[in-house]
Amino acid sequence: MGLFKADFYRFLALGFAGGALLVLGGLGLERATSLSDGIVPAAEAAPAIQH
C-alpha cells in the first residue's frame, strides 16, 4: 500500500509534459536561434548620465 495510486504519478507526468510543451510553444522557438534567445533578451547597456 503506497501513499499515492499509480494514476497520480501518471497524471503528474502527463501534466508536466503538457505544461512544458505549452511553455515551449508559447516562447515561439521557431523564431529563436537558440533556447536562451527565446527566454532571455539580448543585454543592452544603459545610457550614461552626465551632470
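Ranked from highest to lowest mean number of other Cβ atoms within 10 Å per residue, what is the order of the peptides 5-16, 40-51? Display every interim value, and only then the final one.
On the way: 5-16: 9.9, 40-51: 5.2.
In descending order of packing, they fall as 5-16, 40-51.
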Handout entry: Whole-Hz ³J(HN,Hα) from phi, Karplus 6.51 cos²θ - 1.76 cosθ + 1.60, for segment 9-16, glycine and proline x
Key = 5, 5, 5, 5, 5, 5, x, 5
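Laboratory data are not the source of any read-out in this text; all were calculated from the coordinates shown. Just so it is clear, the model here is predicted, and its values are computed rather than measured. Using ideal geometry, Cβ is built from the backbone for each residue, glycine included, and neighbour counts are taken over all protein chains shown.
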